[in-house]
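What follows is calculated from the coordinates using simple rules that are stated; it is not laboratory data. Bear in mind that the values here come from a model prediction, so they are computed numbers and not experimental data. Cβ sites come from the backbone with ideal geometry, for glycine too, and all protein chains shown count toward neighbours.
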Amino acid sequence: MNKKQVGALLKVMGKDDMKPALMHGLIDEYEGKLAIVATNGYALAIVYLDGGDELVKGTLVRRESIEKWYKLATGKSRLNGNELERVIADEFGDYHELSKSPFPQYKSLIPEEFRQPAGAIAFNAVFISALQELDGGEPLTWNIGGALQPVLAKTDRGVYLFMPKKQ
């Protein structure tokens, strides 16, 4: 992951100390690939990692470690599995006992029907963010008509529509 991607990961990773289990990333295997998992209780990200053969599945990675890496990173820096091993070892030494709060059972949160979707659309999230800002910043409810049909949201403030990308 580049610096911008790590910044996005930090947005997904919890930072509410009332929910300490969400203030960590989890090193795990998902669909046969090594990944770091982060959630804030509303969004979940499973980001596959290159390298990191020494990373132990089930290890929690402190938010502070990733924030520190992010602040020191340059545009050429990459946080992959090998770099994550170094960050964890340098910062905390023995990193297997970071939290007494268990990470949520995230795999049970992914509904079976999403694993084998009936249909899918591709879209530009920048457009959605801009339309949401136009409406005052509150989340919009989007009505999806089909793979190549317009996506529509109606509110008291306006009507917003965008076309999905071809897949």
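Relative to the longest principal axis of the Cα atoms of the chain, helix 3-12 runs at roughly 80 degrees. Our helix-only sum for the chain, with -39,500 (n - 2.57) per DSSP H run of n ≥ 4 divided by its residues, gives a mean residue ellipticity at 222 nm of -8000 deg cm²/dmol. Each Lys or Arg adds one and each Asp or Glu takes one away; over the other residues whose Cβ falls under 12 Å from the Cβ of Y48, this sums to -3.
Of all the options E29, E138, E64, the one that moves most in a Gaussian network model of the chain with Cα springs shorter than 10 angstrom is E138.
Farthest towards the positive end of the charge dipole of segment 1-98, among the residues T74, G52, Y30, is the Cα of T74, using unit charges on the Cβ of Lys, Arg, Asp and Glu. Shape of the chain from the C-alpha gyration tensor: prolate (a/c of 1.5 or more and a/b above b/c, with a ≥ b ≥ c the square roots of its eigenvalues). Assign one of three labels to segment 1-68, namely rounded, prolate or oblate, based on the Cα gyration tensor with a ≥ b ≥ c the square roots of its eigenvalues; rounded applies when a/c is under 1.5, prolate when it is not and a/b is larger than b/c, and oblate otherwise. The shape class here is prolate. Please report how far the C-alpha centroid of segment 1-38 lies from that of segment 53-79, rounded to the nearest whole angstrom. A separation of 10 Å, based on Cα centres.
Placing unit charges on the Cβ atoms only, positive for Lys and Arg and negative for Asp and Glu, gives segment 3-115 a dipole magnitude near 520 debye about its Cα centre.
Other residues lying with their Cβ under 12 Å from the Cβ of K71 contribute a combined charge of 0, Lys and Arg counting +1, Asp and Glu -1. Rounded to the nearest 10 degrees, the angle from helix 81-92 to the longest Cα principal axis of the chain is 60 degrees. For the residues K76, K107, K19, a GNM of the chain with alpha-carbon springs under 10 Å puts the largest fluctuation on K76.
Take the cross-link list K3/K71; K4/K57; K107/K166; K4/K107 and give me the ones stretching past 18 Å between alpha-carbons. From K3/K71; K4/K57; K107/K166; K4/K107, over 18 Å: K4/K57; K107/K166; K4/K107.
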